[in-house]
Every structure is written in C-alpha cells, then in structure tokens.
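Have a look at the structure below, then the notes.
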Amino acid sequence: MNSSLFIKILRDKKLLLPPLSGYTDYPYRVILARFHPPFIITEMVNARAILQRNPRTMQMLKISEGTQYNGVQLVGSIPEYMGKAARIVQDLGFDYIDINMGCTARKVTCRGEGVSLMKNEQNACEIVSAVTAAVDLPVTCKMRLGATRHSVNVLSLAQKLVDAGAAALTIHGRSGEKKFGAPLDRSIIKTAVEHLSVPIIANGSIYTGKDAEVMIQETGAAAVMPGRGLLGNPWLVPEILNTVLHKKYTAPVLQEKKDVCLDHLRLLLEYYGERRAVLKMRSILPHYFSSCLYLKELKKDVQQVTIVDEIPVLLERIQQTPMGIIYSI
Ligand SMILES: Cc1cc2nc3c(=O)[nH]c(=O)nc-3n(C[C@H](O)[C@H](O)[C@H](O)COP(=O)(O)O)c2cc1C
C-alpha cells in the first residue's frame, strides 16, 4: 500500500493496533482479524534475525488473512540491516513497516535498539532513511516522550524522522523509565499534533472506547493505539471503532468470551504445539476474564494446567451470576 492510502484509512478509522511482544503472534492476529480492524501488526521482530532467516523469527512473520492491512514492527539499530530486513518483509507481502523506538527491555536497549534510538537521533534518522529507501511502503515509528524524563526529545526527534521519510508517528505518552502506572502526558502529544505535518497516533492507557474518544479530543491525534487493553480483549477493536465514529457498541456476553478464548487456544495448539500453547494460555486466559471475581484464584489455577484438555474444564468454572462474572473456587 502507498502512504496516502495508509494515511487516509488511518484518519478515517482512527485506530492502529499495537505490537505486543508475546501476544500479537499469528494466533492472536487471526482472532483480531475477525473483528475487522483496519490494520494489524506483528509483535516486534528483530531485523538481524530476519536477515539470518532464523526459523522462529520467520514463523513470526506469517501473515493473517482478513480484510485488514498487515504491518510488521522491526527492531534493530543498524540502518543497513533494517533496510535489508524491510525489503524481505515487503517481499513477504506486508503492507507497512513500523520501527521500534520505544522498547525498554534490557536485551533490546543494550544493543542500542528500541528506546535507545531516541538517545541517538542521527542513528534513528539513518534507520528511517534506509528503510524508506529500501521499500515502497509506508514507514512509521513508535516512540516515547524520551528515553528518560530528563531527556524528553520527542518533539525535536519527531520532526527529524518526518524529514527522513516517516509517514506517521505513534507517541506513547510516557518516558522510558516510567512504569506503566505513571500518568500519561497528553499535552506533549497535543503539541506534536499541532507542529507536525504527518498523522500522530496517540498511545497510552486506552482500555475502552471512551478512553479512545477522550484521547482524540484532548490531543487532536489522527488515531489511537491501545496497548495492554487489547490483551485478551479483541472486542476493544469494535468498541473503539464504533465509539470514535459515534456508533452503537454492544459488549460480548460471557459465552462469547469463552468461545473466542477456546478458539484462541485451538490456534495456539495448531501453531505452537501443546507445550508452548499451554504456556502461552497461562498468561493469556486471565486477560479474557479480567473482570471476574476471584481472578487471583483463576490465575493461580491456570498456572497448574499442564495439558490443553484441562482448559475447557477450568473455563466451565467461570460463570455469570447476579453478582457478576465469578470464578467458582
Ligand atoms: C506485553 C507487552 C508487550 C509489548 N510489546 C511491544 C512491542 O513488541 N513493540 C512495541 O513497540 N511496544 C510494545 N509494547 C508497548 C505497547 O505497544 C504500548 O505502547 C504500551 O503498552 C502503552 O500502552 P498502554 O498504556 O495502553 O498499555 C508492549 C507492551 C506490553 C504490555
């Protein structure tokens, strides 16, 4: 797809899904595709590993079918590798490329990747130039306010990234050292919207359609990107799409959540085999039922699961009662 089509759809639908390492894998992307988001993106994928054709990495690049456009997020710090990896993912059929400039995981930052790129503006710009030169796809960057609260440089860096060819920028309204609980700074996102010529996607603490609406109102952002709110909650896609376009949205009933969760399990099983599917489900399942009473006990019990067949039995114990959804202990 070309940049103008990407930007048009982004401005129309106002939603870009996030890369979520360990979660937006192929099985979850298949689930998400059923909810018709305009775009779906992979979890972050290491550029060097793509060049080495690492089998696990190449498995991460399987494209989910659906009506959406598919993006891939690249993580890396060497412009040449990033350009070459971008060319490979373009050939695989991806529709846009995002560059990770926000990840704070030590294994990423110690190599000058992720949020470390915000400390090395020239390197960040060279990466965008190399990637845009290598492909005919829209290239976006996902950043924070700065690597730390003492080095908030998102506004100056953003302009340089646009000059280097970025078609849109996602801004997570926290700096690198801040834990998730820290309040968001929406005012910097608003300033970025006012000063930059490209669409800004606002990210941070969007859990509901209402949160998305408020974020757009307060920042003027072209679109929003949820994060943790999407874990075990693909319904957030229609909730945001409908709310920001002032349409009616109906939340799922418990049985629907159980059905989608079981489908998710089936996809994990097909894709990873039983051992990895069970391990993945241990962290995913509680997210599907995060509003239930006795969630702590549910989390504990799901940790004990060792075979796939135990999961439907556990789901049976989650019930709708007059008090709300309960995990019966
Ligand atoms: C489990 C998890 C995995 C994440 N993986 C990525 C990733 O691969 N690439 C990335 O740029 N951000 C990643 N993020 C950051 C989110 O995309 C998002 O920017 C962040 O969670 C802030 O949004 P939130 O406050 O709504 O959660 C991840 C976050 C979480 C919780």
Just to check I understand the Karplus step: with θ = phi - 60° and J = 6.51 cos²θ - 1.76 cosθ + 1.60, what whole-Hz values come out for the range 291-307, glycine and proline as x? 8, 7, 6, 6, 4, 4, 5, 4, 4, 5, 5, 5, 5, 7, 5, 10, 10
Ignoring everything but the protein chains, give the 1.4 Å probe accessible area of residue 20 in square angstrom, nearest 10. 30
Over the alpha-carbon set of the range 3-244, work out the extent along each principal axis and list the three values in angstrom, largest first. 43, 41, 33
For residue 44, other-chain or 5+-apart residues with amide H closer than 5 Å (H placed, Pro excluded) are 20, 21
Which values, in whole Å and largest first, are the semi-axes of the equivalent ellipsoid of the range 169-242 obtained as the square root of 5 times each eigenvalue of the Cα gyration tensor? 19, 16, 9
What whole number of Å gives the distance from the Cα centroid of the range 11-57 to the Cα centroid of the range 152-174? 21
About the Cα centre, charge dipole magnitude for the range 171-291 (Lys/Arg +1, Asp/Glu -1 at Cβ), debye: 320
Note on the range 1-98: alpha-carbon gyration tensor, axes a ≥ b ≥ c; rule is a/c under 1.5 for rounded, else prolate if a/b larger than b/c, else oblate; result oblate
Just to be sure I understand the model, the point goes 7 Å from the Cα along the line to the Cβ. What's the resulting residue 317 to residue 182 distance in nm? 3.9
Cα gyration tensor of the range 230-274, axes a ≥ b ≥ c as square roots of the eigenvalues: rounded (a/c below 1.5), prolate (a/b > b/c) or oblate? prolate
Added length on full extension, which subtracts the Cα-Cα distance from 0.36 nm per residue, residue 87 to residue 151: 19.8 nm
For the range 139-290, the percent of accessible surface on carbon and sulfur atoms (probe 1.4 angstrom, ligands and nucleic acids excluded) is 53
The long-range amide H neighbours of residue 69, using H built 1.01 Å from N in the peptide plane and a cut-off of under 5 Å, are 39, 40
For the range 3-244, size of Cβ-based charge dipole, Lys and Arg +1, Asp and Glu -1, in debye: 580
Fraction of antiparallel bridges per DSSP, the chain only, in percent to nearest 5: 15
In degrees rounded to 10, the 0-90 angle between helix 121-134 Cα long axis and the longest Cα principal axis of the chain is 80
Report the calculated FRET efficiency for residue 59 and residue 245 (r = Cβ-Cβ distance, R0 = 45 Å), to the nearest 0.05. 0.80
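The values are calculated or read from the model by the stated rules, or taken from the named source; none is laboratory data. Note that the structure is predicted; figures quoted are calculated from it, not measured. Cβ atoms come from the backbone with ideal geometry, glycine included; neighbour counts cover every protein chain shown. Surface areas here come from the heavy atoms of the whole protein model, side chains and all, with no ligands, DNA or RNA. Shrake-Rupley method; radii C 1.70, N 1.55, O 1.52, S 1.80 Å.
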